[in-house]
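Read the figures in this text as sums done on the coordinates, not as results from a lab. The structure displayed is predicted, hence computed values, not measured ones. Every residue, glycine as well, gets a Cβ built from its backbone with ideal geometry; the counts of neighbours run over all protein chains shown.
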There are 2 protein chains.
Amino acid sequence: MSGQMSTASPEEPHSVPTLSAVAKLAGVSSITVSRVVRLPDLVAPETRGRVEAAMRELGYVPNQLAVGLARARTRSIGVLVPTIANSIFADTVQGLSDELEPLGYAVILAQSRYDAAREDHMLSALLSRRPEAIIMVGSPATEDGARLLRRAGIPVAETWDLPAAPIDAVAGFNNYDAGVAVARHLVAQGRDSLAFIGGDDPRATRRWNGFNDTAQALGAKAPRRLVLDRNASGSVVALAELPGVDAVFAANDAHAIGFMSGLRKAGLLRDGPAAEQPVAVIGLGDLEMGRLIAPSLSTIRVNGDAIGCTAAKLILTRAGPRHIDLGFELVLRDSG
Amino acid sequence: MSGQMSTASPEEPHSVPTLSAVAKLAGVSSITVSRVVRLPDLVAPETRGRVEAAMRELGYVPNQLAVGLARARTRSIGVLVPTIANSIFADTVQGLSDELEPLGYAVILAQSRYDAAREDHMLSALLSRRPEAIIMVGSPATEDGARLLRRAGIPVAETWDLPAAPIDAVAGFNNYDAGVAVARHLVAQGRDSLAFIGGDDPRATRRWNGFNDTAQALGAKAPRRLVLDRNASGSVVALAELPGVDAVFAANDAHAIGFMSGLRKAGLLRDGPAAEQPVAVIGLGDLEMGRLIAPSLSTIRVNGDAIGCTAAKLILTRAGPRHIDLGFELVLRDSG
DNA sequence: ATTTGCAATGTTAACGTTGTCATTTGTCGT
DNA sequence: ACGACAAATGACAACGTTAACATTGCAAAT
């Protein structure tokens, strides 16, 4: 409403209350207040009541910075994703955060935007917050980044892939094999002019490798690869770049749906089953949306939520296997 | 590969290096190292070189907890969203984080899952990290939550709505008016049996109110309201609950697309323009996907990215207007 | 009537930084 | 040749909490 006001509304005369402010009000020492928070059983009920009243009156909220410093346990974990907006990684963040938040962990989120320099920078920024663990999508892009993580001496989970030389824990799936599975399926369907569209990040490239190797091994023509911007709209016009193509593997469902939109405009999309499609399309991720559109999208289903959840469990315990392959599933619907 | 290994790989003999570890190695006092990091001009070039070498050798990363404690500036901001997975809020998080990360702020992310108790809890957890500001989607659901925020004495941005009595800053749009705009459009198109499908959170309810009030004022039949689970698949079957409906406003694009899928199964979806649709469908959010499907989705476009970006700017400065209406736009395509 | 033991509280020194003062040099002007 | 001054560095006390060790009482055991 009216222009600028002091941020702290008049409610309280500023200054966040500390342990000793509460202590003074309750007529005890600060350590007693600290105990009321952490180990209430050690404090006499009568005293405890007084302290609790004081905490309520002052609106005391413990300072986790100080706690973290004193105990060398910050109860926070760093999460690094390429991007969070309309991406399947949001599922992973949700999954891990649902696992971690009830345990009192804070999630510190950083985005690398598929940029190696920014990734290193964010990794370092994350580490400066002394998280108890790091969960990241993929693996560090640079040796500097990897060294940073190794030196930090905390659990690290790499996800969405199965790196050959992981730093610590892994929760992902085999991207190469995903490409293999798609190529096999398409060739078996009688397609022979294949293409791969999408990003050129390491994971997409692995998919491409599996796809390319397999298609050629099975006697199809050498697949084409089209590197696109990260938004699906770019793939609408991808068709123009791929004359004669009869099957497309898109790096993710958004690209696949974009490409299908291009096919529709060109009159190359049928309402019928996969076999009737002039151009088969397979996505990756299994967005809910893919199931709902027509023709429904065939895709490599990957459980992003489970990846996050598994990564969280991996960093919480030292026991058990450290490298978990969550697998994927080729879900065949009407698009290819 | 092989079972469990100590988390810290052999690279370094544990223990994260501190300022004084660097200082000892460089043969200076810790304050000098601190200056090399923050105020390099105050340190003689020769000394600075030695210190920088020591920092590199040890892999020194400043401890932001200690910095935050000493300076009472944590360079972090708390972000509270209902949910991050396949939701438009991910755009907002991306927007604000792109604005804030380059400035050295860390984003601490929490999800309320549309639960008031959890929201209060996460708010308090966030505050315990002493963020310099809080950005949240919507407004605190409880008076406790609001009090918590007011007492914290930091900038607070409420987003995705225009609350009547905001705590501090606001970056959003008028949800009631969005409902009004949709109802007007649908009634003008000659529809008179309207329905609203989606969640029952405060923002969805405001949309419903605008929608309902306007439809009735314009002489349509009293609209029906169907509260659905948060996933789009639920809306596929919504049609069965709405006999005779000829226009639907969905609380978001995902629900809209799900509902269209139900229409398609029922043979009630046409390839032609809005006028030919037996049942008009309007979404909200303007997912990229809505543009790509057929029939293309009419929707209330809301720029989630801009909301995040604006919220970030609002908490960074005290000057200028504190309440920004980013507006919305009724984008008409083929679905309604 | 001591001692023992435990329950309830308090004191002190960390944790890793930075702010606020010193202190040590060396340069310059007169 | 002497003080004035600045450049370079350092000592020390905060910041808000907790760990580790006191210190009180007072009840029970001897």
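For the range A:259-275, the set of residues classified as in contact with a Pro (Cβ under 9 Å, 6 or more places away or on another chain), over 13 Å from A:SER296 (Cα atoms) and assigned to a helix (DSSP H, G or I) consists of A:LEU263 only. Could you pull out the residue among A:GLU57, A:GLU101, A:GLU52, A:GLU46 that is closer than 30 Å to A:THR159 by Cα and out of contact with any helix residue (DSSP H, G or I) (no Cβ under 6 Å at 6 or more places or on another chain)? Exactly one of A:GLU57, A:GLU101, A:GLU52, A:GLU46 is closer than 30 Å to A:THR159 by Cα and out of contact with any helix residue (DSSP H, G or I) (no Cβ under 6 Å at 6 or more places or on another chain), namely A:GLU101. Restrict the check to the range B:80-96 and report whether at least one residue is surrounded by 24 or more Cβ atoms within 10 Å (Cβ to Cβ), within 9 Å of chain A (Cβ to nearest Cβ) and within 17 Å of A:ARG129 (Cα to Cα). No. Checked across the range B:48-55, the condition of being of a type in the set (Gly, Ala, Ser), touching a residue at least 24 places away in the same chain (Cβ under 8 Å) and surrounded by 22 or more Cβ atoms within 10 Å (Cβ to Cβ) holds for no residue.
Of the residues screened, A:LEU100 is one that is away from DNA strand D (no atom under 16 Å from the Cβ), more than 9 Å from every other protein chain (Cβ to nearest Cβ) and under 14 Å from A:LEU316 (Cα atoms).
Filtering the range B:16-47 to residues that are outside any helix (DSSP H, G or I) and surrounded by fewer than 13 Cβ atoms within 10 Å (Cβ to Cβ) leaves B:GLY27, B:LEU39, B:ALA44.
Filtering the range B:93-124 to residues that are farther than 19 Å from A:MET122 by Cα and touching a residue at least 40 places away in the same chain (Cβ under 8 Å) leaves B:TYR114, B:MET122, B:LEU123. Within the bounds of the range B:226-247, is there any residue that is touching a residue at least 12 places away in the same chain (Cβ under 8 Å), in contact with a helix residue (DSSP H, G or I) (Cβ under 8 Å, 6 or more places away or on another chain) and among the basic types (Lys, Arg)? The answer is no, given that none of the residues of the range B:226-247 is touching a residue at least 12 places away in the same chain (Cβ under 8 Å), in contact with a helix residue (DSSP H, G or I) (Cβ under 8 Å, 6 or more places away or on another chain) and among the basic types (Lys, Arg). Against the conditions (1) more than 18 Å from A:LEU314 (Cβ to Cβ); (2) at the interface with chain B (Cβ under 10 Å from one of its Cβ atoms); (3) in a helix (DSSP H, G or I); (4) away from DNA strand D (no atom under 16 Å from the Cβ), A:ALA117 satisfies every one except (2). Looking at the range A:112-128, can you tell me whether even one residue there is buried (at least 24 other Cβ atoms within 10 Å of the Cβ) and of a type in the set (Phe, Trp, Tyr)? No, because not a single residue in the range A:112-128 is buried (at least 24 other Cβ atoms within 10 Å of the Cβ) and of a type in the set (Phe, Trp, Tyr). Looking across the range B:223-246, not a single residue is within 14 Å of another protein chain (Cβ to nearest Cβ) and assigned to a strand (DSSP E or B). Against the definition (more than 7 Å from chain A (Cβ to nearest Cβ) and either within 15 Å of DNA strand C (Cβ to nearest atom) or assigned to a loop (DSSP other than H, G, I, E, B) (or both)), how does B:ARG50 come out, yes or no? Answer is no for this residue. With respect to the conditions (1) part of a loop (DSSP other than H, G, I, E, B); (2) more than 10 Å from chain B (Cβ to nearest Cβ), A:ALA294 lacks only one, and its number is (2).
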